[in-house]
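The values are calculated or read from the model by the stated rules, or taken from the named source; none is laboratory data. Keep in mind that this is a model prediction, so the values were computed, not measured. When we count neighbours, we look across all protein chains shown, and the Cβ atoms used for this are built from the backbone with ideal geometry, even at glycine.
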Amino acid sequence: GAVVSQHPSWVICKSGTSVKIECRSLDFQATTMFWYRQFPKQSLMLMATSNEGSKATYEQGVEKDKFLINHASLTLSTLTVTSAHPEDSSFYICSASEGWIIQYFGAGTRLSVL
Amino acid sequence: DAKTTQPPSMDCAEGRAANLPCNHSTISGNEYVYWYRQIHSQGPQYIIHGLQNNETNEMASLIITEDRKSSTLILPHATLRDTAVYYCIVRVARDDKIIFGKGTRLHILP
């Protein structure tokens, strides 16, 4: 299947700093990518839909100024957690569709905010 | 998207077939059934999908009832590496979202 790569896989940062997470589709172009967040022992929660060349669409309750999404090319979307706080510590996962039929997921990024 | 109902957990002996059920009684005619699994601390992995016919690939088989109101994912020879949370998802193929439910936590017993 298609490959979606996330970087970094693990990041630790101090409270108040910003963290950028990259999501790349390695062998296909993705006009749309998706960002999820997962807390321990919970299911994945969709945060936003990232559209190439336009603004992201955020799910209800997700702060767009807190979680900045940029989809500058057909193979790269970035999620920036601004002014991170301990409550932002979570597992962040991206996905992308190849041909709209199947969504493939990245391996995830574990964020720990001290 | 239609809602799905899955048992919260299941056990299966190693080497036996694991049969994971899913109810989706409100599924629409243009909605597909997808199965993903998530092994601990990893991103979800696509397993299989289908519309109304049974499907089989190298990982699993998908059996969809004739009325499409339920389905079963079959892992033919379960191994310890199949221990994961399995998600049954119903969506229109061109829909731009996957909404995850709570899934079924499958334990493979040695």
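Checked against (1) within 30 Å of B:Cys88 (Cβ to Cβ); (2) surrounded by 22 or more Cβ atoms within 10 Å (Cβ to Cβ); (3) at pLDDT 95 or above; (4) more than 11 Å from chain B (Cβ to nearest Cβ), A:Val81 meets all criteria but (1).
B:Ile39 meets each of the listed conditions (1) within 30 Å of A:Cys23 (Cβ to Cβ); (2) in contact with a Cys (Cβ under 9 Å, 6 or more places away or on another chain) apart from (2).
Selection of the range A:1-52 for residues being β-branched (Val, Ile, Thr) and away from chain B (no Cβ under 13 Å) yields A:Val11, A:Ile12, A:Thr17, A:Val19.
Entry remark, the range B:21-50: residues being away from chain A (no Cβ under 11 Å), free of Cβ contacts under 8 Å to residues at least 40 places away in the same chain and loosely packed, with under 14 Cβ neighbours inside 10 Å number 2 in total. So which residues in the range A:1-29 are closer than 22 Å to A:Ile102 by Cβ, outside any strand (DSSP E or B) and among the small types (Gly, Ala, Ser)? Hits for the range A:1-29 are A:Gly1, A:Ala2. Evaluating A:Leu74 against the criteria (1) more than 20 Å from A:Ser9 (Cα to Cα); (2) away from chain B (no Cβ under 14 Å); (3) out of contact with any Leu (no Cβ under 9 Å at 6 or more places or on another chain); (4) surrounded by fewer than 13 Cβ atoms within 10 Å (Cβ to Cβ) leaves one unmet condition, (4). Only a single item in (1) at the interface with chain B (Cβ under 10 Å from one of its Cβ atoms); (2) within 14 Å of A:Ile69 (Cα to Cα); (3) not in a strand (DSSP E or B) is not met by A:Lys55, and it is number (1).
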